Amino acid sequence: MEQLEIFEVCEASASYVEPVNRLLAQLSSSGHCITLEQLQTLADSPASHLFLAKSGGEIVAMLTLGEYLAPTGRKMWIEDVVVDKAARGRSIGRAMVEFAIAYARGLGSGVLMLTSRPSRVAANALYRSCDFEPKETNVYKMNII
C-alpha cells in the first residue's frame with residue numbers, strides 16, 4: 001500500500017478547510033461546508049476526533065470518531081467517512097477504519113458503531129470485513145434548528 005499519513009486534527013489550520021470541504025461535498029449533497037472556526041471547535045472538543053489522511057502531500061480522506069458515556073457504557077461512533085474520488089480503490093478507507101478502531105480501543109472498552117446507507121455497497125463490505133456486524137435497529141433523525 002502507498003505511504004499514508006493519518007493524523008488527528010488537534011489544531012485547526014486554514015490549509016485543512018478546503019480539503020475538508022471538498023471531502024464533505026463528496027460525502028453528502030446537503031451542501032454543508034465547515035469554516036476555520038468550526039474546524040477549531042471540532043478540534044477542541046474532547047468528545048470528537050477528526051482524522052485526516054495525507055498521501056503525496058494531499059489530504060485524501062477523513063473520518064470522525066465521536067465518543068460519549070451513557071448509563072449502558074461507553075459508546076463510540078464512526079462518522080463522516082469519505083475518501084476522495086481520485087484516491088478510491090487504494091485501501092485508504094480500510095486504513096482509516098482500522099486506525100479508528102485502534103484509536104477507539106485505546107479509549108477503553110465500549111461499543112463502536114457506525115451507520116452506512118445500503119446503497120454504499122463497497123463501504124458496507126469494508127465494514128463487515130473489519131468485523132462490524134449489522135444491528136437490527138431503526139435510526140431516526142431530527143434537525144434541531
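Provide the gained length on full extension for the span N21 to T72, in nm with one decimal, where the gain is 0.36 nm per separating residue minus the Cα-Cα distance.
Values: separation 51, 0.36 × 51 = 18.36 nm, distance 3.49 nm.
Roughly 14.9 nm would be gained on extension.
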Expressed as a percent, the portion of alpha-carbon pairs in region 1-89 spaced more than 19 Å apart is 41 percent
Over region 1-114, average the accessible area per residue using a 1.4 Å probe and give it in Å², no decimals. 53 Å²
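So how do 131-140, 110-119, 17-26, 71-80 stack up, highest first, on mean other-Cβ count within 10 Å? Working shown, then result.
On the way: 131-140: 7.7, 110-119: 13.1, 17-26: 16.4, 71-80: 14.7.
Listed from highest to lowest mean packing, they are 17-26, 71-80, 110-119, 131-140.
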Using a probe of 1.4 angstrom, how much of the accessible area of region 83-141 is carbon and sulfur, in percent? 51 percent
Under the helix-only model (-39500 (n - 2.57) for each DSSP H run of 4 or more, divided by the residues of the chain), the mean residue ellipticity at 222 nm, to 500 deg cm²/dmol, is -10500 deg cm²/dmol
Sort E37, E8, E98 by accessible area with a 1.4 Å probe, largest first. E37, E98, E8
Give the residues of region 54-86 whose amide nitrogen is closer than 12 Å to a point set 7 Å from the Cα of K141 in the direction of its Cβ. 80
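The values are calculated or read from the model by the stated rules, or taken from the named source; none is laboratory data. These numbers were taken from a predicted model, which means no experiment stands behind them. Cβ coordinates were reconstructed from backbone atoms using ideal geometry, including for glycine residues, and neighbour counts include every protein chain displayed. In case anyone asks, the SASA skips ligands and DNA or RNA and just uses the protein heavy atoms, side chains included. Shrake-Rupley method; radii C 1.70, N 1.55, O 1.52, S 1.80 Å.
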